[in-house]
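Novice: Following this message is one structure expressed as structure tokens.
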Amino acid sequence: MAAVPGTTAGEPAAGAAASGATPDVPAVAEVGVGPWEGPWPEGDHWDPELLREGDRRNVVDQYRYWRHEAIVADLDSRRHDFHVAIENWQHDFNIGTVVRTANAFLAREVHIIGRRRWNRRGAMVTDRYQHVRHHPTVTDFVAWARGEGLAVIAVDLFPDSQQLETFDLPRRCVLVFGQEGPGLSEEVHRAADATLSIEQYGSTRSINAGSAAAIAMHAWIRRHPFGQRP
């Protein structure tokens, strides 16, 4: 890609001095890049409107000026073999964070078990690039996972939970998380091929569900793309 105009993290926004910004009031860096400079590139993945107006989306530089459909297609060509699921019986606000992290680690899909509606604010628009599937009941979800040949790996604090840190995560699996407070349902616990817990050393009994999901996803990344043995 040719060099493009725009600001990066740590740089003042264009026109900051003219707008009266002072050293005591730092200018806010403008996200993304402005209109394309020079001859337009060729290819179906480029978005004419973004080339003309600029691209202010929260995407990596590789995807600047790309059409949304082209970005999703490229992600689909290299998604990882793990899925993520979260129970949503009480409208859990962590789901948006889980979706955002799943996008960062390129999970194949995110699965919502229970209520279909969820708060998308925490996803920071990443749900546009991440496949999200709904299952009305645990039974429906487990039947889907079995049909896909995926190991169901529950992550929660149960008496029979094994340590995530020493467990050899299978390549093809779905990591399942409960909602904040009640945690995973007993129905998921019974259906799981394995139940894992994250080792903790402080005074609190549990960690945030969104944080737990991020730790487990990163454990899968370390095990498979990086080949690190537990």
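Novice: For segment 42-71, which positions are surrounded by fewer than 15 Cβ atoms within 10 Å (Cβ to Cβ) and aliphatic (A, V, I, L, M)?
Specialist: Val60
Novice: What pairs come up if the first residue lies in segment 167-182 and is over 14 Å from Val142 (Cα atoms), the second is part of a loop (DSSP other than H, G, I, E, B) and of a type in the set (A, V, I, L, M, F, W, C), and their beta carbons are under 6 Å apart, counting only those six or more places apart or on different chains?
Specialist: Arg172/Leu150; Gly178/Leu184
Novice: Condition first: over 23 Å from the mean Cα position of the chain (by Cα), open to solvent by less than 80 Å² (accessible area, probe 1.4 Å), free of Cβ contacts under 8 Å to residues at least 60 places away in the same chain and over 23 Å from Asp81 (Cβ atoms). Can you find one or more residues in segment 187-195 that meet it?
Specialist: Yes, segment 187-195 contains at least one residue that is over 23 Å from the mean Cα position of the chain (by Cα), open to solvent by less than 80 Å² (accessible area, probe 1.4 Å), free of Cβ contacts under 8 Å to residues at least 60 places away in the same chain and over 23 Å from Asp81 (Cβ atoms).
Novice: For segment 128-138, indicate whether the set of residues that are more than 15 Å from His83 (Cα to Cα) and out of contact with any strand residue (DSSP E or B) (no Cβ under 9 Å at 6 or more places or on another chain) is non-empty.
Specialist: There is at least one residue in segment 128-138 that is more than 15 Å from His83 (Cα to Cα) and out of contact with any strand residue (DSSP E or B) (no Cβ under 9 Å at 6 or more places or on another chain).
Novice: Quick one: Gly114 ticks every box in (1) under 22 Å from Asp81 (Cα atoms); (2) open to solvent by less than 50 Å² (accessible area, probe 1.4 Å) bar one, so which box is it?
Specialist: (1)
Novice: What number of residues in segment 196-228 are closer than 22 Å to Arg108 by Cβ, free of Cβ contacts under 8 Å to residues at least 60 places away in the same chain and either surrounded by 19 or more Cβ atoms within 10 Å (Cβ to Cβ) or not hydrophobic (A, V, I, L, M, F, W, C) (or both)?
Specialist: Total meeting the criteria: 8.
Novice: For segment 74-97, which positions are touching a strand residue (DSSP E or B) at 6+ places or on another chain (Cβ under 7 Å) and assigned to a helix (DSSP H, G or I)?
Specialist: Across segment 74-97, the qualifying residue is only Ile95.
Novice: Run down Arg57, Arg117, Arg52, Arg100 and say which single residue is in a loop (DSSP other than H, G, I, E, B) and either at pLDDT 95 or above or in contact with a Pro (Cβ under 6 Å, 6 or more places away or on another chain) (or both).
Specialist: Arg57
Novice: Within segment 171-183, which residues are at pLDDT 95 or above and either buried (at least 18 other Cβ atoms within 10 Å of the Cβ) or within 15 Å of Ala85 (Cβ to Cβ) (or both)?
Specialist: Listed by number, the residues that qualify are Arg172, Cys173, Val174, Leu175, Val176, Phe177.
The values are calculated or read from the model by the stated rules, or taken from the named source; none is laboratory data. Quantities reported herein were computed from a predicted structural model and do not represent experimental measurements. Neighbour counts run over all protein chains shown; Cβ positions are idealised from the backbone, glycine included. Surface areas here come from the heavy atoms of the whole protein model, side chains and all, with no ligands, DNA or RNA. Shrake-Rupley method; radii C 1.70, N 1.55, O 1.52, S 1.80 Å.
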